[in-house]
Amino acid sequence: MSLEVLKKYHIKAKKSLGQNFLVNDVIVESIADSIDVNWKNIVEVWPGYWALTEKLLQKNPHSLDLVELDKDMIKILEQRIEEKDLNIWDVNFCIHNTDVLKFESEQEKYSIIANIPYYITSPILRHFIYDVMNKPEKMVILMQADVWEKILWKWKNKSSVLSLFVNKKCRVSEIMSVGKENFVPAPKVESSVLLFELHDEYNYIDDRVFLEIIKKWFREPRKKLLNNLVKSWYEKDYILQVFHNLWIQENTRWEDLSIAIWWELILKINN
């Protein structure tokens, strides 16, 4: 069905927007099933040619907001609706032709489903996790391997700015992996679908302070942690005492710390 839609409407991916269309209907259905949609408020980001939109509409959401920057895709959607290829009549349905980084949902409780390209993944995550006042409850996001490996600490078991700022606000789990052969055009890397469940477990660390710290401290992630901290105006004797209390070795680097130790270290240093 997905390939038929691409052919029927002469849809071609735009390299400038990083578009890779998921065309495996089984996987599209699985993504739609991965989150509770029935009578829920759903925001779909970068819906593309509306394959996932079609599946979501069949699951009876209370509202479905589509955030799409590509006007050509919106024209195709409007054509599909006019031809009754998509049934939008039983749902609060709205199309937002806008940059997703300027979008904020007006729904009180909502979840996000998205297939986003590599170059904008981190900005989108930060936007919905930190920047918007009205944050989602959950997000199901299809992303490329380079990103999800860092988020789930699978990349050499090293931490990063991305893994830290995501894990401060979300519990993250992998739903499924998606091979590149399931896309048109096929990307160069494998992909995965991740579930982000927002929490307030680490709210005792101010978000702005936290982001400032990790941005500053990760400028030289492979340098020794001790040298970076002393360089950042802390007394060496004090840092050594903190290290001793947290069982951190003197030659430890930033990227070697577990997320739990990160929280403890930031709390002790900034108290």
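For region 115-135, a tally of residues being buried (at least 22 other Cβ atoms within 10 Å of the Cβ) and farther than 19 Å from LEU211 by Cβ returns 1. Being touching an Asp or Glu at 6+ places or on another chain (Cβ under 7 Å), surrounded by 17 or more Cβ atoms within 10 Å (Cβ to Cβ) and within 14 Å of MET139 (Cβ to Cβ) is the filter here, so list the residues in region 90-109 that pass it. Within region 90-109, just SER105 meets the criteria. With the condition kept exactly as written, say whether any residue in region 251-261 is aliphatic (A, V, I, L, M), assigned to a loop (DSSP other than H, G, I, E, B) and either in contact (Cβ under 8 Å) with a residue 60 or more places away in the chain or outside the structural domain of ASN167 (by TED's automatic domain parsing) (or both). There is at least one residue in region 251-261 that is aliphatic (A, V, I, L, M), assigned to a loop (DSSP other than H, G, I, E, B) and either in contact (Cβ under 8 Å) with a residue 60 or more places away in the chain or outside the structural domain of ASN167 (by TED's automatic domain parsing) (or both). ILE88 fulfils the conditions (1) farther than 30 Å from ARG253 by Cβ; (2) at pLDDT 90 or above except for a single criterion, (2).
Do we have LYS215 as assigned to a loop (DSSP other than H, G, I, E, B), out of contact with any Asp or Glu (no Cβ under 8 Å at 6 or more places or on another chain), surrounded by fewer than 13 Cβ atoms within 10 Å (Cβ to Cβ) and not aromatic (Phe, Trp, Tyr) here? Criteria not met by LYS215.
The sole residue among VAL140, VAL147, VAL189, VAL166 that is in the same structural domain as ASP33 (by TED's automatic domain parsing) and assigned to a strand (DSSP E or B) is VAL140. For ILE214, state whether it is more than 23 Å from MET139 (Cα to Cα) and without any contact (Cβ under 8 Å) to a residue 24 or more places away in the chain. So ILE214 fails the test. Within region 14-55, the set of residues being among the aromatic types (Phe, Trp, Tyr) and assigned to a loop (DSSP other than H, G, I, E, B) comprises TRP39, TRP46, TYR49, TRP50. Can you say whether ASP85 is in the same structural domain as LYS188 (by TED's automatic domain parsing), among the acidic types (Asp, Glu) and part of a loop (DSSP other than H, G, I, E, B), as far as the supplied structure shows? Judged against the criteria, ASP85 is a match. When region 169-181 is examined, which residues are found to be of a type outside the set (D, E, K, R) and either surrounded by fewer than 19 Cβ atoms within 10 Å (Cβ to Cβ) or outside the structural domain of LEU22 (by TED's automatic domain parsing) (or both)? Once the filter is applied, which keeps residues that are of a type outside the set (D, E, K, R) and either surrounded by fewer than 19 Cβ atoms within 10 Å (Cβ to Cβ) or outside the structural domain of LEU22 (by TED's automatic domain parsing) (or both), region 169-181 yields VAL172, SER173, ILE175, MET176, SER177, GLY179.
If you check LEU246, LEU194, LEU225 for being at pLDDT 85 or above and not assigned by TED's automatic domain parsing to the domain that holds LEU164, only one passes: LEU246. Against the conditions (1) out of contact with any Asp or Glu (no Cβ under 8 Å at 6 or more places or on another chain); (2) outside any loop (DSSP other than H, G, I, E, B); (3) not β-branched (Val, Ile, Thr), PRO61 satisfies every one except (2).
Checked against (1) in a helix (DSSP H, G or I); (2) modelled with pLDDT of 90 or more; (3) within 20 Å of the chain's Cα centre (by Cα), TYR119 passes all but a single condition, namely (2).
Applying the condition of being touching an Asp or Glu at 6+ places or on another chain (Cβ under 9 Å) and small (Gly, Ala, Ser) to region 110-128 and asking which residue is farthest from LEU162 (Cα to Cα) yields SER111. The residues of region 41-68 that are among the hydroxyl-bearing types (Ser, Thr, Tyr) and closer than 13 Å to ILE95 by Cβ, listed by number, are THR53, SER63. If you go through region 41-49 one residue at a time, do you hit one that is among the aromatic types (Phe, Trp, Tyr) and surrounded by 20 or more Cβ atoms within 10 Å (Cβ to Cβ)? Checking region 41-49: at least one residue is among the aromatic types (Phe, Trp, Tyr) and surrounded by 20 or more Cβ atoms within 10 Å (Cβ to Cβ).
The values are calculated or read from the model by the stated rules, or taken from the named source; none is laboratory data. Everything numeric in this text was worked out from a predicted model, so none of it was measured. With ideal geometry, Cβ positions are generated from the backbone for all residues, glycine too; neighbour counts draw on all protein chains shown.
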